Amino acid sequence: MEITYDSKADALSITLKKGKVAKTIELAPEVLLDVDKNGKPLYLEIIGASEKIGKRRVNEVLMRNLMPAKS
């Protein structure tokens, strides 16, 4: 899994699994899920992330993604 944040677009992107996108599903306004031909989730994008989940939380998500998990 890979998590990235584009501060100019205020978009949080989560790559669950790389693959060819067959369809994009709008789960909620500005929350998009890309799925493959079998309906398996590939990518999740949250536009306006700092408003939807809070700027502090966006930073927490990014920091957790960069640090190794503790046992």
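Which one is farthest from VAL61 (Cα to Cα) among residues in the range 32-42 that are assigned to a loop (DSSP other than H, G, I, E, B) and of a type outside the set (Lys, Arg)? Before the answer, list the steps.
Taking the range 32-42 and keeping what is assigned to a loop (DSSP other than H, G, I, E, B), we get 36-40.
Cutting the leftovers down to of a type outside the set (Lys, Arg) gives us 36, 38-39.
Values: ASP36: 25, ASN38: 28, GLY39: 26 Å.
Residue satisfying both the conditions and the ranking: ASN38.
Working only within the range 18-39, note down all residues that are among the acidic types (Asp, Glu), within 20 Å of GLU2 (Cα to Cα) and in contact with a Leu (Cβ under 7 Å, 6 or more places away or on another chain). Walk me through how you get there before you give the answer.
Kept after step one, since they are among the acidic types (Asp, Glu), are these residues of the range 18-39: 26, 30, 34, 36.
Checking which are within 20 Å of GLU2 (Cα to Cα) leaves us with 30, 34, 36.
If the condition is that a residue be among the acidic types (Asp, Glu), within 20 Å of GLU2 (Cα to Cα) and in contact with a Leu (Cβ under 7 Å, 6 or more places away or on another chain), then ASP34, ASP36 are the ones that fit.
Please count how many residues of the range 1-31 are over 18 Å from VAL61 (Cα atoms) and hydrophobic (A, V, I, L, M, F, W, C).
Residues that pass the stated criteria total 5.
For the range 30-39: of the residues being of a type outside the set (A, V, I, L, M) and in contact with a strand residue (DSSP E or B) (Cβ under 9 Å, 6 or more places away or on another chain), which is nearest to ILE53 (Cα to Cα)? Can you show your working first?
Keep residues of the range 30-39 that are of a type outside the set (A, V, I, L, M), which gives 30, 34, 36-39.
From what's left, in contact with a strand residue (DSSP E or B) (Cβ under 9 Å, 6 or more places away or on another chain): 30, 34, 36-37, 39.
Working: GLU30: 12, ASP34: 20, ASP36: 26, LYS37: 29, GLY39: 26 Å.
Looking at residues that are of a type outside the set (A, V, I, L, M) and in contact with a strand residue (DSSP E or B) (Cβ under 9 Å, 6 or more places away or on another chain), I get GLU30.
The rows are residues; the columns are (1) outside any loop (DSSP other than H, G, I, E, B); (2) within 13 Å of the chain's Cα centre (by Cα); (3) surrounded by 15 or more Cβ atoms within 10 Å (Cβ to Cβ).
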{"residue": "TYR5", "(1), (2), (3)": "yes, yes, yes"}
{"residue": "GLY19", "(1), (2), (3)": "no, no, yes"}
{"residue": "ILE25", "(1), (2), (3)": "yes, no, no"}
{"residue": "LEU44", "(1), (2), (3)": "yes, yes, yes"}
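Of all residues being of a type in the set (D, E, K, R) and out of contact with any strand residue (DSSP E or B) (no Cβ under 9 Å at 6 or more places or on another chain) in the range 40-59, which is nearest to MET1 (Cα to Cα)? Just the residue, please. Lay out the reasoning, then the answer.
In the first step, residues of the range 40-59 are kept if they are of a type in the set (D, E, K, R); the result is 40, 45, 51-52, 55-57.
So of that shortlist, the ones also out of contact with any strand residue (DSSP E or B) (no Cβ under 9 Å at 6 or more places or on another chain) come out as 40, 51, 55-57.
Details: LYS40: 14, GLU51: 23, LYS55: 21, ARG56: 21, ARG57: 18 Å.
Here the answer is LYS40.
FYI, it's all coordinate maths here, none of it is from the lab. As the structure is a prediction and not an experimental result, all values here were calculated from the model. All Cβ positions, even for glycine, are placed from backbone atoms using ideal geometry, and neighbour counts span all protein chains on display.
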